[in-house]
Amino acid sequence: MTTHEGTVLTAADLAGNGLHGNDPDIHGKFGVFGGRYVPEALIPALDEVAAEYDKAKNDVAFLREFDHLLRTYAGRPTTLTEVPRFAEQAGGARIILKREDLTHTGAHKINNVLGQALLTKRLGKTRVIAETGAGQHGVATATAAALLGLECVIYMGAVDCERQALNVARMKLLGATVVPVTNGSQTLKDAINEAFRDWVANVDRTHYLFGTIAGPHPFPEIVRDFARIIGVEARRQMLELTGRLPDAIAAAVGGGSNAIGIFHAFLGDEGVQLHGYEAGGRGLESGEHALTLTEGSVGVLHGSRTYVLQDEEGQTVESHSISAGLDYPGVGPEHAWLKDTGRATYHGITDAEAMEAFSLLARTEGIIPAIESSHALAGALKLGRELGPEATILVNLSGRGDKDMGTAMKYFNL
Amino acid sequence: MTTLQTVFAKAKADGRAALIGYLPAGFPSKEGAIAVATAMVDAGCDVIEIGLPYSDPLMDGPTIQDAVHRALTNGTRIADVLRTVEGVAKTGAATLVMTYWNPIDRYGAERFAGDLANAGGVGTITPDLTPEEAGPWREASAGAGIDTVFLVAPSSTEARIKAVVDSCTGFVYAASLMGVTGARDSVGAAAQGLVERTRSHTSLPVCVGLGVGTGRQAAEVAGYADGVIVGSAFIRRVLDAPDEASGLASVRELGAELAAGVRG
């Protein structure tokens, strides 16, 4: 495979070549996790997506097109920013942010969306559908659909539509149809159910542009590969900036795409600790949290075997988080596998801890982070105190906080 | 206990298709579900599928979602599902459970298969369990002596149809169209072709579901399939009725219309 110099991506970067044991098997399994638990009607569509993606990821023309969009449209590569004033609260450890908040549309979601929108064109489909929680994936999908001339329908829980009204307006402005989902808990999980229902009925002309590394195979692999650029860039940039790899990486985990995006290029670097931070909501005892990996159990949700918040009879338990983007009772199967193999460690961060880090970064560094990303920031503060002043911690600042101002105004009484 | 094999042999001897009705346990209430299913059997259903209410029914349309939501709100649990099966099996209808995979996975495959068999259930239909993932469930079901029914769809390739029918016992469920459950004005045009393609891979009975809701549609499907599956249309009768008694009467009326339909 040729690399094309001077660009963001190499073919090897995208395909994950040179990393061993990190790709799922032919049934889409990461160890015992992943696979496909979906109606038979969708299997041919998933096979079609998997086959086209296998061709695309080894096609230099496709990679160049993706790379071109990442550079000239998404604003890659994103920079690293060291945050010494923020790090004073972290026992003096060095904290360095990977600035996904600076991408077009304001979050890492754009990476996956551009890749899958190009894949949609290759599949010969003219319509994309997507689920969204916070609205960031919906906005990113609507953006890519506008750019590439695709019809776009976004499913969003009615509760989320209310708490993220601004993003609903953005999607509409971008030409998408937003369908509020009023069944079940009216949040992300129900939006995913509804998107699957649409897909099975319209699969001939529709690609389901899945927004995270969950769902049936091949979505966990595809979304990860398109998000991998975060870690690929950050690894090079860390070597340039500090002359070595970080001691630890911190990332927020909802479905898990931003975390896998930054973790993946470091999986082979045994000296680099990988820490994922889930939404602890109002605390474990309250029962109102999204601690899927840290407190959930193994089950099947949305087509994939993974950790799930469920009761003893397999009914999904509703999750809670102050950040809509982490408010999901499942998680990508690759994180389940990284947890069980011990390569990555997962922790909970409460709403209060996240909001404290949110405000601290704003006041000390002039950066307003997404509340999702604030969970990783709060994690980095704890990690710094544990690892000591010699440690360097890389944090994935997965998105910016503009969309969260309504929540912040209420929370801080601004 | 009436087995699926007995049902299909009898229907064949009568020169007709079997009539299969679906109802979630716990809908309209825990006791009410047994009453409605019994009315379906009285009116002519040969087989009853008792739905196991699940929080994330991603292949179901609005009618079944609504019924399942009510069942869950009623506090319907797996013990209630098994009690419903027991009550319905006593009527003499072959009684199956239709369920998404996670509740069985969590309950334990062997435990669920054993408890279902003890309740008089004769098998399961598992719409989101594909042949690749079905090994443990087929083994547990064989151990308990119950059938495993899986789905083929209009989009299924020949290789997929073969893999699915090789996992099936009892019958094969052919989804008439690409979509979710729910009654529609016409049965999918793809249904007959799918039944024919399925027959080239198996001698098991092939039954058609999704979108069937009237006697005329039942007659049409009975023309080429071994069984006609109706769910949402029965539920709709219960949802639209002002009270329980008129709901039961309405269910009997639809059952009779469908039973006449499957007899051509």
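Quick look at the numbers
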read-out	value
Enumeration of residues in segment A:119-156 that are in contact (Cβ under 8 Å) with a residue 40 or more places away in the chain, more than 16 Å from A:N193 (Cα to Cα) and assigned to a strand (DSSP E or B)	A:R127
Matching residues, segment A:178-200, being in contact with a His (Cβ under 9 Å, 6 or more places away or on another chain), part of a helix (DSSP H, G or I) and either more than 7 Å from chain B (Cβ to nearest Cβ) or closer than 20 Å to A:A290 by Cβ (or both)	A:K189, A:I192, A:N193, A:W199
For A:A357: the one exception among (1) more than 19 Å from the chain's Cα centre (by Cα); (2) over 23 Å from A:H320 (Cα atoms); (3) not acidic (D, E)	(2)
Cβ pairs under 6 Å, 6+ apart, first in segment A:37-60 and over 21 Å from A:P333 (Cβ atoms) and touching a residue at least 60 places away in the same chain (Cβ under 8 Å), second β-branched (V, I, T) and in a helix (DSSP H, G or I)	A:A41/A:V200
Set B:S203, B:S250: member being out of contact with any Asp or Glu (no Cβ under 7 Å at 6 or more places or on another chain), assigned to a loop (DSSP other than H, G, I, E, B) and without any contact (Cβ under 8 Å) to a residue 40 or more places away in the chain	B:S203
Residues (in contact with a strand residue (DSSP E or B) (Cβ under 6 Å, 6 or more places away or on another chain) and in a strand (DSSP E or B)) located in segment B:20-59	B:I20, B:G21, B:Y22, B:P24, B:V47, B:I48, B:E49, B:I50, B:G51
Hits in segment A:22-39 (condition: at pLDDT 95 or above, at the interface with chain B (Cβ under 10 Å from one of its Cβ atoms) and either farther than 17 Å from A:N193 by Cα or in contact with a Lys or Arg (Cβ under 9 Å, 6 or more places away or on another chain) (or both))	A:G35, A:Y37
Filtered residues of segment A:66-78 (kept if in contact (Cβ under 8 Å) with a residue 40 or more places away in the chain and in a loop (DSSP other than H, G, I, E, B))	A:R76, A:P77, A:T78
Candidates B:D147, B:D166, B:D128, filtered to the one that is under 18 Å from A:R197 (Cβ atoms) and either at pLDDT below 95 or not hydroxyl-bearing (S, T, Y) (or both)	B:D128
In segment B:116-159, residue nearest to B:R77 (Cα to Cα) [restricted to those that are among the small types (G, A, S) and at the interface with another protein chain (Cβ under 7 Å from one of its Cβ atoms)]	B:A153
Out of A:G91, A:G135, sole residue that is surrounded by fewer than 24 Cβ atoms within 10 Å (Cβ to Cβ) and modelled with pLDDT under 95	A:G91
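The values are calculated or read from the model by the stated rules, or taken from the named source; none is laboratory data. As the structure is a prediction and not an experimental result, all values here were calculated from the model. Cβ atoms come from the backbone with ideal geometry, glycine included; neighbour counts cover every protein chain shown.
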